[in-house]
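Worksheet: the structure to be examined is printed underneath.
The values are calculated or read from the model by the stated rules, or taken from the named source; none is laboratory data. Fair warning: this is a prediction, and the values are worked out from it, not measured in the lab. So basically every Cβ, Gly included, is an ideal-geometry build from the backbone, and we count neighbours across all protein chains shown.
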Amino acid sequence: MSVLFVSTWKDAGEPTVRAAYENYQSTGCLLTACEAGLAHVELDPRYQAIGFGGLPNSEGDQELDAGMMDGRTLEVGAVCAVRGVIPVISVARKVLEETPHNMLAGENARRFAERHGFEVRNLNSEHSLRAYEEWRANRRGAEVAHLVHDTVTIIGWESETRHLVAACSTSGMAWKVPGRVGDSPIAGAGYYADDDAGAAGATGVGEDIWRFMLSFRAVEFMRSGMSAEAACERAVGIMVDRSPATRDHCSVVFAVSRDGDWGAAASKDGFVAWTCRDGVIESRAIPGAR
Ligand code: SD4
């Protein structure tokens, strides 16, 4: 019996896969383990693009997006533009388990969370407040220029059942227009899982990832027989060829096939993926598309 977790970015990836693997040791449940990995970094203010201390929108509020998909049942649970509740991935899990819906949004997602026992709290940390004040004083550049890479997307795979889960949590693009929703809570864009084909997850510029449905594309390429790595390269290749401006920023798709091989591809240099296979944790830098 083998288990694999793959997660995103240099700083947040390692604690995420570690927490997921530790949880899996006691629960044996991929959905719970992926949720635990993301919740762990959401609650830690050192990670600026997820949960507590995430960089806020242009009005100084954290609006969080999260989603997860169970590759066995194809059930999805997601929330978008929700304020004041963490771990927001756990709210997404409640949507998956307690409602017949895929996604709840904004104020009503928060009311749903409160009904399920989540406490409403201020999500600004000292650092995120300071960063916001600095940004407000300078107001330079477009939102994309301020993309902070810490969005955490995770895929879990277990050999025995060939089961896959994909999940994602983020505070989205820093200084975004209030109400903006990125790829991260959208099944097919920020994450996708189907035990019959594979699972994929994305991070980077949400507008580009969503336009090109990177996660769904990568899963469909695996369904047609490609390896995880080839599927990701093909999905990113379509994006950068069709829309060369997507090379200006680092957008990434990574994937795990139903056989447990994994791969990733990026529009630009800079991405680091972390893996934990049966307790062995490693990182790999992924070069941008040539
Ligand atoms: C978004 N895809 O909201 C997210 C941002 C991200 O690392 O991935 N940052 O567009």
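Would a scan of the stretch 201-213 turn up a residue that is in contact with a strand residue (DSSP E or B) (Cβ under 6 Å, 6 or more places away or on another chain) and without any contact (Cβ under 8 Å) to a residue 60 or more places away in the chain? Don't jump to the end; show me each part of the working.
Filtering the stretch 201-213 for residues in contact with a strand residue (DSSP E or B) (Cβ under 6 Å, 6 or more places away or on another chain) gives 201-204, 209.
Now restrict to residues that are without any contact (Cβ under 8 Å) to a residue 60 or more places away in the chain: 202, 209.
Yes, there is a match, as at least one residue in the stretch 201-213 is in contact with a strand residue (DSSP E or B) (Cβ under 6 Å, 6 or more places away or on another chain) and without any contact (Cβ under 8 Å) to a residue 60 or more places away in the chain.
Among the strands (runs of 3 or more DSSP E) contained in the stretch 103-208, which hold 1 or more residues that are among the hydrophobic types (A, V, I, L, M, F, W, C) and within 15 Å of the ligand (Cβ to nearest atom)? Working first, answer last.
Working: elements: 103-105, 152-158, 163-170, 191-194, 198-203.
In the stretch 103-208, the matching strands (runs of 3 or more DSSP E) lie at 103-105, 152-158, 163-170, 198-203.
So is residue 215 assigned to a helix (DSSP H, G or I) and not hydrophobic (A, V, I, L, M, F, W, C) or not? Yes.
Pairs meeting the criteria (first residue in the stretch 110-123 and more than 17 Å from residue 81 (Cα to Cα), second residue part of a helix (DSSP H, G or I), beta carbons under 9 Å, at least 6 apart or on different chains) are 116/90; 116/91; 116/94; 116/98.
Check 17, 6, 41, 76 and return the single one that is within 16 Å of residue 191 (Cα to Cα) and either of a type in the set (Phe, Trp, Tyr) or touching a Ser or Thr at 6+ places or on another chain (Cβ under 7 Å) (or both). Break it down into steps so the answer makes sense when it comes.
On the way: 17 fails: within 16 Å of residue 191 (Cα to Cα); 41 fails: within 16 Å of residue 191 (Cα to Cα); 76 fails: either of a type in the set (Phe, Trp, Tyr) or touching a Ser or Thr at 6+ places or on another chain (Cβ under 7 Å) (or both).
Testing whether each residue is within 16 Å of residue 191 (Cα to Cα) and either of a type in the set (Phe, Trp, Tyr) or touching a Ser or Thr at 6+ places or on another chain (Cβ under 7 Å) (or both) leaves just 6.
The stretch 218-290 holds strands (runs of 3 or more DSSP E) entirely within its bounds, and those carrying 2 or more residues that are surrounded by fewer than 23 Cβ atoms within 10 Å (Cβ to Cβ) map to 271-277, 280-286.
Being within 12 Å of the ligand (Cβ to nearest atom) and modelled with pLDDT of 95 or more, is that true of even one residue in the stretch 213-228?
Going residue by residue through the stretch 213-228, those that are within 12 Å of the ligand (Cβ to nearest atom) are 214-215.
Now narrow it down to the ones that are modelled with pLDDT of 95 or more: 214-215.
Taking every residue of the stretch 213-228 in turn, at least one turns out to be within 12 Å of the ligand (Cβ to nearest atom) and modelled with pLDDT of 95 or more.
The number of residues in the stretch 36-71 that are closer than 28 Å to residue 216 by Cα, in contact (Cβ under 8 Å) with a residue 40 or more places away in the chain and either of a type in the set (A, V, I, L, M, F, W, C) or not in a loop (DSSP other than H, G, I, E, B) (or both) comes to 15. With respect to (1) surrounded by fewer than 23 Cβ atoms within 10 Å (Cβ to Cβ); (2) at pLDDT 95 or above; (3) in a helix (DSSP H, G or I), the lone exception for residue 95 is condition (1).
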